[in-house]
Amino acid sequence: MALIFDNRQPNEPGVHVVLIGVGQFADAQGASLLEDDTPRGGFANLETPLHSVEAFAKWLELELNVADTPLHTIRALGSSANRSSPLGLLAPTFDNIANDVGDWADDVNTHEDNLAIFYFCGHGLRIGDMQFLLAEDFGSNHRAPFENAIEPEELANSMRKMKGRRQLFLIDACSTEVRFSERYKNVRTRTIVQEAQNENLAKSEQCLIRASKFGTRAFGFANGPSLFMDAFLRAMKGAGAVSTQRRQWVIKTDMLRMALSWLIQLRPEGFGQEVSYGGGTLSSNLSFHALPGDPLVPVRVSCEPRDIEAVSALHVDSAEHCTAGNWPDSFDIVRRSYDFEAIEATPTGSHVHGQALKEVIAPPYVDVSIPCLGENS
């Protein structure tokens, strides 16, 4: 069992989490099982998944805040070809994943007010209208090479029978299409939780968020979390927040999806990586985290024309935010209105090239353009 946090209380609702980060794919590499059908990029080992699982687990323990629903359990599995985790995680083979997901499902089924969170980071494939998330031993059975994988929408549909009606699935993987030959028919993964009819089906609030829409890639780095997880943790500061009637700011999945795509595409590596929902009923506007105060909102500030940024400092509310030529891609500021100015320091004093005054900054993000007239402004 890969239970790294356990604070279960009898008859009390709680948050139950399972985190899976798959970084090794020796069986898939060695077998060359898909031959010409192998997706672009192949089955290279990955460092991003273990970093992402560790970062998410830390945030959950330190910051997750769900009204009347404390964190009860975190189960985590992860692997890397180059390092071990201080969390002492089990390898994310299919059997280990099935055991932990099954135990997680049992916990989710203990109370109707439970919140379930599922996170997967690793390689993913698209075959037709299905996305396959690959376990570490994917490809170990050459007779049924696809069995050691998870189909996330199938898992989500089977979880609808559980008492815990609030369920969030975060799928941080590619869904690049396999050029499928005639060698395989009726491809399916192994079942972890069997679908069943249940009186809870109509009560479930499920949201499945993919890091990249069907048919595209998701990106990460060797020395840190994925683009998706990096954006997710930043959005938890406020980009995904909406205000409730009680004037509390809570993260909701509709706002979060917009914020995530914007934050990811700020990065050169993330251009074109668009976050999307699952199909069918898997797009509920789910609330799952409350902020301790006002939200921090990501802002991108630019000049028009852009060459003014090379000679002007950026001032925010009359204070210098950054020097000439060093304007950031974006930064986070507390929700309210601000004055933005492009000011050049000259031998005779300061020259204001342009202003954007009383700009209202609110989630999910804001693009601020400072109108400038050029060298003679």
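Across segment 34-65, the qualifying residues are those that are modelled with pLDDT under 95 and crowded, with 20+ Cβ neighbours inside 10 Å, and the one among them that is farthest from the chain's Cα centre (by Cα) is L34.
Residue check: is M162 open to solvent by 10 Å² or more (accessible area, probe 1.4 Å), in contact with a strand residue (DSSP E or B) (Cβ under 9 Å, 6 or more places away or on another chain) and among the aliphatic types (A, V, I, L, M)? Yes: the conditions hold for M162.
Residues are listed down the side, and each one gets a yes or a no for (1) under 25 Å from L291 (Cα atoms); (2) in a loop (DSSP other than H, G, I, E, B):
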{"position": "C303", "(1), (2)": "no, no"}
{"position": "H315", "(1), (2)": "no, no"}
{"position": "A324", "(1), (2)": "no, yes"}
{"position": "F340", "(1), (2)": "no, no"}
{"position": "S350", "(1), (2)": "no, no"}
{"position": "L357", "(1), (2)": "no, no"}
{"position": "P364", "(1), (2)": "yes, yes"}
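If you go through segment 366-377 and keep only what is under 25 Å from G293 (Cα atoms) and without any contact (Cβ under 8 Å) to a residue 24 or more places away in the chain, you end up with nothing.
Of the residues making up segment 288-320, those that are crowded, with 18+ Cβ neighbours inside 10 Å, without any contact (Cβ under 8 Å) to a residue 60 or more places away in the chain and closer than 23 Å to P363 by Cα are L296, L314, H315, V316. Of everything listed in (1) within 14 Å of R188 (Cα to Cα); (2) open to solvent by less than 30 Å² (accessible area, probe 1.4 Å), the single unmet condition for G128 is (2). Of the residues contained in segment 188-211, one or more are found to be out of contact with any Cys (no Cβ under 9 Å at 6 or more places or on another chain), surrounded by fewer than 22 Cβ atoms within 10 Å (Cβ to Cβ), free of Cβ contacts under 8 Å to residues at least 60 places away in the same chain and of a type in the set (K, R).
Considering every residue within segment 259-268, establish whether at least one is of a type outside the set (D, E, K, R), more than 27 Å from E341 (Cα to Cα) and either outside any loop (DSSP other than H, G, I, E, B) or at pLDDT 95 or above (or both). Yes, some residue in segment 259-268 is of a type outside the set (D, E, K, R), more than 27 Å from E341 (Cα to Cα) and either outside any loop (DSSP other than H, G, I, E, B) or at pLDDT 95 or above (or both).
Return yes or no: is A144 more than 30 Å from A67 (Cβ to Cβ), hydrophobic (A, V, I, L, M, F, W, C) and assigned to a helix (DSSP H, G or I)?
Working: more than 30 Å from A67 (Cβ to Cβ): yes; hydrophobic (A, V, I, L, M, F, W, C): yes; assigned to a helix (DSSP H, G or I): no.
So A144 does not fit the description; no.
Confirm whether A144 is modelled with pLDDT under 95, open to solvent by less than 50 Å² (accessible area, probe 1.4 Å) and more than 26 Å from G220 (Cβ to Cβ). In short, yes.
The values are calculated or read from the model by the stated rules, or taken from the named source; none is laboratory data. What you are looking at is a predicted structure, and each value in this text was computed from that prediction instead of being measured. All Cβ positions, glycine included, derive from the backbone under ideal geometry; neighbour counts span all protein chains shown. Accessible surface areas use protein heavy atoms only, side chains included; no ligands, DNA or RNA. Shrake-Rupley method; radii C 1.70, N 1.55, O 1.52, S 1.80 Å.
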